[in-house]
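Okay, so here's the structure we're looking at.
A short reminder: the numbers here are calculations on the coordinates, not readings from a lab. Keep in mind the model is a prediction, meaning the values are calculated, not measured. Cβ placement follows ideal geometry from the backbone for every residue including glycine, while neighbour counts extend to all protein chains displayed.
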Amino acid sequence: MTAVIRDDDRLLLARQRDSGRWSLIGGGIEPGEDPSTALLREVREELGVDIDIIRIIGAYGGATLEYVYPNGDQVGYVTVVYLCSLRTSSFVLDEHEVLETRWATLAELTELDHHEWIDQVLTDAAR
């Protein structure tokens with residue numbers, strides 16, 4: 001599950017601790033958990049804030065979401081992306097996962113080291 005948190009033309013990005021790259025907030029679903037509940041939990045865990053889910057933007061997968069683990073296992077991830085809004089703007093970051101956050105426009109995103117898969121997601125979210 002992935003959250004696109006938007007404020008007018010600005011999008012909330014998080015720099016991930018594991019890669020140092022900019023991306024969106026999200027994560028996996030725990031056993032028995034509803035996808036939207038998982039998203040609310042992930043955002044609360046990583047940013048310390050609550051969000052409102054507005055709508056589903058789409059489901060994404062393919063080559064840009066493939067990953068090879070250090071042991072050689074190969075996986076292809078699929079994520080459902082939700083358009084969201086913040087209930088508050090004061091973050092309490094999970095320092096084990098997020099180094100920092102920032103608001104950026106689509107134009108500013110091109111100058112940041114980011115995961116390529118979010119380009120299409122954010123283009124779709126801007127529609």
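Name the residues in the stretch 1-16 that are crowded, with 17+ Cβ neighbours inside 10 Å and either part of a strand (DSSP E or B) or polar (S, T, N, Q) (or both), would you?
Of everything in the stretch 1-16, those that are crowded, with 17+ Cβ neighbours inside 10 Å and either part of a strand (DSSP E or B) or polar (S, T, N, Q) (or both) turn out to be THR2, ALA3, VAL4, ILE5, ARG6, LEU11, LEU12, LEU13, ALA14, ARG15, GLN16.
Could you go through the stretch 78-91 and let me know if any residue there is assigned to a strand (DSSP E or B) and farther than 21 Å from ASP124 by Cα. Break it down stepwise before answering.
So in the stretch 78-91, the residues assigned to a strand (DSSP E or B) come out as 79-86.
Right, trim to farther than 21 Å from ASP124 by Cα and you get none.
Looking for residues that are assigned to a strand (DSSP E or B) and farther than 21 Å from ASP124 by Cα, one finds none in the stretch 78-91, hence no.
Quick grid of which residues meet (1) among the aromatic types (Phe, Trp, Tyr); (2) more than 20 Å from TRP117 (Cβ to Cβ); (3) out of contact with any Cys (no Cβ under 6 Å at 6 or more places or on another chain); (4) exposed (fewer than 13 other Cβ atoms within 10 Å of the Cβ):
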residue	(1), (2), (3), (4)
ASP18	no, no, yes, yes
THR37	no, yes, yes, no
GLU46	no, no, yes, no
PRO70	no, yes, yes, yes
GLY76	no, no, yes, yes
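Need the failing condition index for LEU109 against (1) over 12 Å from the mean Cα position of the chain (by Cα); (2) surrounded by 15 or more Cβ atoms within 10 Å (Cβ to Cβ); (3) closer than 13 Å to MET1 by Cα, just the number.
(3)
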